[in-house]
1. If you take the beta carbon distance between B:Glu222 and B:Asp98 as r and set R0 to 22 Å, what does 1/(1 + (r/R0)^6) give as a FRET efficiency, to the nearest 0.05?
2. Shielding of A:163-173 by partners, i.e. mean partner chain Cβ atoms within 10 Å per residue?
3. Quantify how strongly other chains surround peptide B:233-245 by giving the mean number of their Cβ atoms within 10 Å of each of its Cβ atoms.
4. Taking a ≥ b ≥ c as the square roots of the eigenvalues of the Cα gyration tensor of segment A:297-352, is the shape rounded (a/c under 1.5), prolate (a/b larger than b/c) or oblate?
5. Between A:Glu139 and B:Glu160, what is the spin-label point distance in nm, taking each point 7 Å from the Cα along the Cα→C-beta axis?
6. Tell me, what is the FRET efficiency for A:Asp64 and B:Glu126 to the nearest 0.05, using R0 = 56 angstrom and their Cβ-Cβ distance as r?
7. Taking segment B:114-190, how much of its Cα-Cα pair set, in percent, is spaced more than 18 angstrom apart?
8. Expressed as a whole number of Å, what is the distance separating the alpha-carbon centroids of segment B:165-232 and segment A:62-97?
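Quick note: the coordinates plus some simple rules give every number you see, no bench work behind them. Fair warning: this is a prediction, and the values are worked out from it, not measured in the lab. Cβ: placed from backbone, ideal geometry, glycine included. Neighbour counts: every protein chain shown.
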Amino acid sequence: MTPNEPLEVGIVGLGTRGLSLAERLDDMGISFVGTEINQQAAAVFETRFDGRIYQTPAEMYESDLDAVLISTPNKFHESAAVAALDRGLDILIEKPLAHTVDSAERIVAAARESEGQCFVGFDRRFSDTVQTLRAYANEGRFGDVTHVEARYVRRRGIPSFGTWYTSKAIAGGGALIDIGVHVIDLILHLYGFPDVETVAGTTRREFGDHDDYAAALNLWKNEANSRMFDVEDSATAFIEFAGGRTASIEVAWAANCAEAVSHRYRVRGTDGGADLHIPSGTDREHELSVFETSTSGRPHFVDETVDTTHRDATALQLAAFRDAIRTGESGHLATDEEALATQRVVGRLYDD
Amino acid sequence: MSEEQSSAGDGKVIKSVERNLAILEELRRQHGVGVAELASALDASRSTVHHHLTTLRKHGYVTQRDGEYHLGIRYLSLGGEAIRTNDLLAGGTHAVNDLVDETGLTGRIAVEENGYVVCIYEEPGEAAGESAVQIGKQVRTWRSAIARAMLSQLSPERLEAVLDNVDEAPPSRAALDDALETVRERGVAFDDRERDAGAVAAPVTSINGELLGAISLTGAREHFEDDAASLADAVSTTAEVLQINTTYDHWMNTEP
């Protein structure tokens, strides 16, 4: 495929995430079609984008597509992905790769047999602060990075209580597989995907069973009749990589803590360190601080704040996917093999 | 997904086929019956009944033991085929087996078609309070948990069709509406009969609201005195997972 040739992308799954992907494709001038089982969601897509709806993924794959975005519930990533890969289509699967390690391995196996490229939507990688931090680390500005302390903790943020998001059978897990995968991917991305040696940790369910989870705050549970909640709402983990580098991870959909959302990385190297704060949403500033020492004049600490632009990471990821479709260059996109490495860490923590 | 079917409607029917089916129903009800009894039950001549039985026997659909006629085992192959492609059965057996392992109670799946509610799957639990095998049986009372779960999701026309076919119908429309409203509020139905066994059931619908069937747990009454809420949670959670699995599996596997 040559640059600037118009693309046609098919979206499997037009829930909230699928629609937000469609919005960005629309902004980028990429034409798209979709398929969705929920008739109400399909109607929203048709109205909002005047978009063409196919009845099933199989029917959509028969049309003349260049690539596919998969944003179904986790359990169905595999069937949507494997059918697309069998047709040689390039695909971008929403994170996590799959609901279980076994399912993830089958997707990777299908990708190996396919002419299509397979990527996974770890879009946090594309924020300017993350890319800046990673470049500093690769240039050796911090010396050897030996430890990353990461947390992605929400005070009250269980997504769509009682929907597939909180079902082990459909999502594969809770906070860890939903937001923890971003954290694990960023750590592995920063370290350059070293071998994982030890994974220790624990998962907990402390809020899902509480009827007063939100009552005191006047928040609501979605769908009063919905009872699916058999996943963890928080996890704590310690990972040791080849060469003795380590990471500690704290993840929670709900925790009794000060901030509404705290998504931070503390990077410790032999010569310097950095703190990265990723705010929720695209409208607030990412913060990156760098901590060094200097012996110029008298020995002292140097603390620096880094100002970057604040672009939409999801849109940047879609732009990278567009380039990958045209050129076969994966850029910063998470490959299926990288996503499998993340999935395996999650699997070890679940002891699946 | 099963489409709503209209029953016979105003089309022409063949009398002898109707008589044939009446004979089969009678064989099912009586577990073995002679020609004379059949003739009087159906108000038909002995020779007519005899011709029907001879024809059925020739094709293996009726068998004769000790001078009495019984349904032939060959019907099982028709029954097996009738449920083989059922979407809820395909995804539901594992889910129901898991519920049975978890609770020790007996799990069942039932579906509604053409006004008949029929149990299509059963997994007996360790603590099963009743041993009667229900698979293949028509649910004939509106008071059972699985019937109520199903009725709570039916359109008025389909509801009427089912109630026409049960032995024990609700005393009044108001009693029915009240009972079904309670089921819709709770998301689950309990058995309303005075008996030693208790049951809890939940309807399974597709994401777009079509009724796929219902699942239930049945066991000794004491389980329901102590654990009704947690059993209800377990059944309704499974029904919700089945809704997603069944809808998506069907969608993903439909060839253009």
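1. Computed FRET efficiency for B:Glu222 and B:Asp98: 0.45.
2. For peptide A:163-173, the averaged partner shielding equals 3.
3. That works out to 5 on average.
4. oblate
5. 7.9 nm
6. Between A:Asp64 and B:Glu126 the formula returns 0.50.
7. Numbers: 1225 of 2926 pairs.
Considering segment B:114-190, 42 percent of its Cα-Cα pairs are separated by more than 18 Å.
8. Rounded to whole Å, the Cα centres lie 39 Å apart.
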